[in-house]
Amino acid sequence: MGLAIKSAEFITSAVKPSGYPPAGPPEVAFAGRSNVGKSSLINTLVRRRKLVKVSGQPGRTQQINFFAINDDALRLVDLPGYGYAKVPKAVKAAWRPMVEAYLSRRAVLQAVVVILDIRRQPTAEDLMLLEWLGALKVPVILAITKADKLSRNQQAGRLAALRPALAAFDPEPTLFSAASGLGREELWARVCEAAGV
């Protein structure tokens with residue numbers, strides 16, 4: 001089941017380690033391409049409509065955002081999306097060191113939920129992130145989102161097609177839909193288990 005959510009609130013945004021909140025409770029981060037539905041997934045997960053600002057414009061999250069669950073018993077960390085062409089080159093160039101610094105140095109990081117769109121094959125950037133997390137020995141939870149866009153048969157077909165590329169990182173990815181709530185309980189239970197809460 002996972003932790004019963006009593007409160008969820010924004011703590012701070014940061015672009016470098018000096019801006020992070022002091023290390024304390026376990027943290028689970030969320031990563032994925034721009035426009036993959038990361039903000040909607042986090043809002044659905046914590047049952048809050050507007051905890052994370054959802055934008056119709058990809059590439060809007062350009063900082064690392066920290067959120068406290070249950071008076072800071074657990075923190076969720078929203079990483080900026082990657083791979084969106086219309087973000088200025090300087091912003092794209094800043095993404096990697098900003099995210100790498102967090103992922104490689106944050107001792108309280110327990111897992112990263114990597115979000116993929118069920119309708120798309122993983123990109124080179126998706127696979128690079130997964131391989132890099134593997135090298136850092138950071139546990140990965142795969143959330144295959146936008147499942148409501150396909151029929152149940154199509155979902156099964158797409159999962160079977162995705163599995164060979166993803167099995168090494170997470171043998172049982174969680175099918176998810178922010179629109180229907182599909183996979184919400186399962187994903188939340190996995191987040192809580194990874195965080196030990």
Is it fair to say Ala179 is out of contact with any helix residue (DSSP H, G or I) (no Cβ under 9 Å at 6 or more places or on another chain) and among the aliphatic types (A, V, I, L, M)?
no
Inspect all residues belonging to segment 112-121 and state whether any of them is β-branched (Val, Ile, Thr) and surrounded by fewer than 18 Cβ atoms within 10 Å (Cβ to Cβ).
no
Out of Leu74, Leu142, report the one residue that is under 14 Å from the mean Cα position of the chain (by Cα) and either crowded, with 20+ Cβ neighbours inside 10 Å or at pLDDT 95 or above (or both).
Leu142
Between residues in segment 142-159 that are without any contact (Cβ under 8 Å) to a residue 60 or more places away in the chain and under 20 Å from Thr44 (Cα atoms) and residues that are among the polar types (S, T, N, Q) and buried (at least 18 other Cβ atoms within 10 Å of the Cβ), which pairs lie under 8 Å by C-beta distance while being six or more apart or on different chains?
Leu142/Thr174; Ile144/Thr174; Ala147/Gln155; Ala147/Ser177; Asp148/Ser177
Single unsatisfied condition, Leu3 versus (1) more than 17 Å from the chain's Cα centre (by Cα); (2) under 26 Å from Arg96 (Cβ atoms)
(2)
Name the one entry in Ser104, Ser151 that is more than 27 Å from Val15 (Cα to Cα), of a type in the set (S, T, N, Q) and out of contact with any Phe, Trp or Tyr (no Cβ under 7 Å at 6 or more places or on another chain).
Ser151
Name the single residue that is farthest from Ser18 (Cα to Cα) among those in segment 96-128 being hydrophobic (A, V, I, L, M, F, W, C) and out of contact with any strand residue (DSSP E or B) (no Cβ under 6 Å at 6 or more places or on another chain).
Ala124
Hey, could you check segment 17-46 for residues that are assigned to a loop (DSSP other than H, G, I, E, B) and modelled with pLDDT of 90 or more and say which is surrounded by the fewest Cβ atoms within 10 Å (Cβ to Cβ)?
Pro22
Going by what's in this entry, would Arg60 be described as touching a helix residue (DSSP H, G or I) at 6+ places or on another chain (Cβ under 8 Å), modelled with pLDDT under 90 and either more than 17 Å from Val99 (Cα to Cα) or of a type outside the set (Gly, Ala, Ser) (or both)?
no
Checking Ala160, Ala94, Ala156 in turn, the sole residue that is among the small types (Gly, Ala, Ser) and surrounded by fewer than 12 Cβ atoms within 10 Å (Cβ to Cβ) turns out to be Ala160
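The values are calculated or read from the model by the stated rules, or taken from the named source; none is laboratory data. Note that this is a predicted model, so its numbers are computed, not measured. So basically every Cβ, Gly included, is an ideal-geometry build from the backbone, and we count neighbours across all protein chains shown.
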